[in-house]
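The values are calculated or read from the model by the stated rules, or taken from the named source; none is laboratory data. None of these values were measured; they are calculated from a predicted model. All Cβ positions, glycine included, derive from the backbone under ideal geometry; neighbour counts span all protein chains shown.
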Amino acid sequence: MTSPAEFHGWLGHDNKAAQGNLIWSSFKPKSFNPIDVDIKILACGICGSDIHTLRSGWGATHYPACVGHEIVGHVVRVGDKVTNIKLGDRVGVGAQAFSCLRNDCEECSNGLEQHCTKMVGTYNAKYPDGSWSMGGYADYIRVPAHFAIKIPASLKSEDAAPMMCGGITVFAPLRNNGAGPGKKVGIVGLGGLGHFGIIFAKALGCEKVVAISRRRNKVEDAKAMGATDYIATSEDDKWARKHARSLDLIISTVSSPDMPLESYLRLLRTNGTFIQVGAPEDKLPPIAAFGLIGKGCKIGGSQIGSPKDIEYMLHFAAEKGVKPWVQQRSMKEANKCVVDMEDGHARYRYVLVNPDHEGRAKI
């Protein structure tokens with residue numbers, strides 16, 4: 001197995017790229033270093049972050065950009081200093097491709113690489129050598145091996161791919177905030193992230209798993225995923241009062257600046273915790289201080305997970321038989337899938353599969 005000198009992928013050239021204007025073309029990857037691996041991509045999930053980036057929603061994007069950070073593939077080239085991965089291994093890459101990994105870095109030395117001040121995202125980010133990271137809507141990707149995680153044999157590539165970002169984004173805060181037997185958990189938003197939240201909360205053994213969405217059109221889906229209760233905030237009368245003080249933990253996956261944040265906080269029990277993982281292009285809504293003070297509530301945030309977190313999640317998913325709801329599409333259909341994703345048609349994660357690699361995509 002070898003990798004080519006040039007990679008090919010779907011490139012966005014301006015902020016109209018997410019409207020179906022990606023162009024398949026060649027690009028030069030970062031220089032190959034002794035700590036790097038090249039990966040022949042089997043599958044890549046479509047994440048909301050991809051769309052925010054393609055349209056410069058979170059700030060100016062460096063074009064041309066190749067997005068995609070829910071990647072699974074086979075290793076076809078291994079740097080001389082790589083010891084944890086060998087040729088042919090099936091690995092996954094999430095939203096992070098680099099951190100300093102220095103012993104004197106408080107974050108890296110404590111297994112919190114995702115919070116390192118030198119963190120480099122898998123796409124639209126600059127490496128220390130000045131090159132720009134390019135993501136997984138492509139045939140190959142090159143990344144430092146520390147951020148390529150081996151995939152358990154029992155997980156299908158199309159199922160593991162969206163776990164690399166969407167899955168870990170909710171699994172990490174669930175696990176880090178005590179989700180498990182006896183706990184009552186709410187998941188705000190029933191999209192790609194939210195559906196993972198319900199599935200993982202159920203797999204973690206939570207006593208109560210409440211899906212919180214605007215409308216009731218996803219009730220049956222939520223129940224099939226493992227939800228025990230459902231709140232429709234735009235249709236249920238006085239929902240915040242009716243369900244007040246009922247949840248220990250809420251994970252919010254929504255990316256809307258006008259979400260009813262104060263009403264969500266009413267759902268928390270004393271000393272309850274609200275964790276925001278969705279990232280609006282605008283600001284979060286304001287809240288009154290007494291919404292926190294009265295019950296000793298805590299508001300926090302969570303950013304993806306470390307390589308160790310991802311490794312743990314993948315083995316947990318394999319052991320528990322966790323299976324996301326994915327719709328597998330050819331990499332050739334990237335433009336249509338991005339538009340469909342933006343229009344809310346995903347149920348609940350699109351996964352692009354390279355047509356030239358499809359024979360191995362189900363390994």
**Prompt:** Can you name the number of the only condition in (1) out of contact with any Pro (no Cβ under 7 Å at 6 or more places or on another chain); (2) within 24 Å of ASP50 (Cα to Cα); (3) outside any helix (DSSP H, G or I); (4) assigned by TED's automatic domain parsing to the domain that holds LYS86 that ILE149 fails?
**Reply:** (1)
**Request:** Report yes if some residue within the range 303-314 is at pLDDT 95 or above, among the hydrophobic types (A, V, I, L, M, F, W, C) and assigned to a strand (DSSP E or B); otherwise report no.
**Result:** no
**Fill in**
From the option list TRP10, TRP24, single residue qualifying as buried (at least 22 other Cβ atoms within 10 Å of the Cβ) and of a type in the set (A, V, I, L, M, F, W, C) is TRP10
**Asked** Is it the case that LEU247 is surrounded by 19 or more Cβ atoms within 10 Å (Cβ to Cβ) and touching a strand residue (DSSP E or B) at 6+ places or on another chain (Cβ under 6 Å)?
**Response** yes
**Prompt:** Can you name the residue in the range 226-257 that is touching a Pro at 6+ places or on another chain (Cβ under 9 Å) and not in a loop (DSSP other than H, G, I, E, B) and is also nearest to HIS52 (Cα to Cα) among such residues?
**Reply:** ILE251
**Request:** List every residue pair whose Cβ atoms sit under 7 Å apart, with the two residues 6 or more apart in sequence or on different chains, where the first one lies in the range 60-79 and is among the basic types (Lys, Arg) and the second, anywhere, is not in a loop (DSSP other than H, G, I, E, B).
**Result:** ARG77/VAL37; ARG77/ASP38
**Complete:** Cβ pairs under 7 Å, 6+ apart or interchain, first in the range 97-111 and part of a helix (DSSP H, G or I), second surrounded by fewer than 22 Cβ atoms within 10 Å (Cβ to Cβ) and of a type in the set (A, V, I, L, M, F, W, C), ordered by first then second residue, are CYS108/CYS100; CYS108/LEU101; CYS108/CYS116
**Asked** Within the range 27-84, how many residues are part of a loop (DSSP other than H, G, I, E, B), surrounded by fewer than 24 Cβ atoms within 10 Å (Cβ to Cβ) and of a type outside the set (S, T, N, Q)?
**Response** 18
**Which listed residue, of ASN124, ASN176, is surrounded by fewer than 24 Cβ atoms within 10 Å (Cβ to Cβ) and either under 13 Å from ASP309 (Cα atoms) or not β-branched (Val, Ile, Thr) (or both)** = ASN176
**Asked** Can you tell me which residue in the range 279-300 is nearest to ARG266 (Cα to Cα), limited to those that are modelled with pLDDT of 95 or more and assigned to a loop (DSSP other than H, G, I, E, B)?
**Response** CYS297
